[in-house]
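As structure tokens, the structure follows; a few thoughts come after it.
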There are 2 protein chains.
Amino acid sequence: MMMNSMRLLSRLISSAKFSSNVEAKTPKIDDILRQTRVFTNADVVEYSKVSHDSNPLHFDTQCAQNAGFRDRIVHGMLVASLFPQIISSHFPGAVYRTQTLVFKQPVYIGEEITAEVQAIVVRKSKERHYAIFSTRCLKDGDILVIDGEASTILAYDNN
Amino acid sequence: MMMNSMRLLSRLISSAKFSSNVEAKTPKIDDILRQTRVFTNADVVEYSKVSHDSNPLHFDTQCAQNAGFRDRIVHGMLVASLFPQIISSHFPGAVYRTQTLVFKQPVYIGEEITAEVQAIVVRKSKERHYAIFSTRCLKDGDILVIDGEASTILAYDNN
């Protein structure tokens, strides 16, 4: 399984068009990169295994209801992983510098979540290209579930 | 395998001593909760599978070196998952409200990382107990790799 995973990831990386072309790595201000995902129970279980985070909010309906939710919720940090995933799929090799996260609404298993990443600052300093992105997750079209910002180094002129 | 995972998690949750005792859920200011973990290549592969984040920084040594690192790095958001993991293992049912993350140094596969979580503000408002934690990851004892803060709701007086 390990070898299959490595092969799969190897294919994903190859198909991500990793390029040394700096021009291609500069995002346009205002362009919004979007990705939609439904987090399943299997995702919650797999994320708990790799993060070792077995907060009963994610596995025990009664605990989730005691906390004011209608059911078990998806780990916030798993939902937030959509941001570096979107950024790195568009800008392979991007390095994360900071991320702020405000968890405003719960994400329930099975809900369709749309993550939006929008460059709000792009600048070049010496040989590095920096970008700051507004990062948001929405459900049902317009309910903000996670808000925040990410700053990244997108490219290096060292070819 | 899915059923085994669920049984494992069920045991973990049972052993987490989920309690409705509010007193037990209030952290002491200045107490530092610590956890040490070494992230393996298998962790990076599993995290990539569940997050769909296959940034070549984590799989392609040349890409990592082009970005100025000496080797492939662990996903920052995987390392940062130590914070909710520590908080929820001490305060089962804790709800994350915000997290700030500054990724200051790379984490390489195989490095021993110590996460530290320290309550800096604890307050009770209506039926909820809030806490703000300083959240840091260190390597080699004193090299700060991730800095930030988390704010949480730790307990509900609705028993």
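All of (1) at pLDDT below 95; (2) on the phi < 0 side of the Ramachandran plot hold for A:ASP140 with one exception: (2). Of everything in segment A:78-110 that is surrounded by fewer than 18 Cβ atoms within 10 Å (Cβ to Cβ) and assigned to a loop (DSSP other than H, G, I, E, B), the residue that is nearest to the other protein chains (Cβ to nearest Cβ) is A:LYS104.
When segment A:50-77 is filtered for residues that are within 7 Å of another protein chain (Cβ to nearest Cβ) and either assigned to a helix (DSSP H, G or I) or farther than 27 Å from B:PRO92 by Cα (or both), the ones remaining, listed by number, are A:VAL50, A:SER51, A:PRO56, A:LEU57, A:CYS63, A:ASN66, A:GLY76, A:MET77.
Residues that are of a type outside the set (A, V, I, L, M) and either within 13 Å of chain A (Cβ to nearest Cβ) or under 18 Å from B:ARG37 (Cα atoms) (or both) within segment B:111-129 comprise B:GLU111, B:GLU112, B:THR114, B:GLU116, B:GLN118, B:LYS126, B:GLU127, B:ARG128, B:HIS129, listed in sequence order.
Determine whether B:GLY110 is in contact (Cβ under 8 Å) with a residue 60 or more places away in the chain and on the phi > 0 side of the Ramachandran plot. So B:GLY110 passes the test.
Scanning segment B:137-155 for residues being part of a strand (DSSP E or B), farther than 24 Å from B:VAL45 by Cα and without any contact (Cβ under 8 Å) to a residue 40 or more places away in the chain gives a total of 1.
Among residues that are more than 7 Å from chain B (Cβ to nearest Cβ), at pLDDT 95 or above and out of contact with any Asp or Glu (no Cβ under 6 Å at 6 or more places or on another chain), A:ASN41 is included. Listed by first and then second residue, the pairs with beta-carbon distance under 9 Å, at least 6 apart or on different chains, first residue in segment A:62-77 and charged (D, E, K, R), second part of a loop (DSSP other than H, G, I, E, B) and crowded, with 18+ Cβ neighbours inside 10 Å, are A:ARG70/A:PRO106; A:ASP71/A:PRO106; A:ARG72/A:PHE59; A:ARG72/A:ASP60.
The values are calculated or read from the model by the stated rules, or taken from the named source; none is laboratory data. Here the structure is a predicted model, which is why all the values come from computation and not from measurement. FYI the Cβ positions are ideal-geometry reconstructions off the backbone, even for glycines, and counts take in every protein chain you see.
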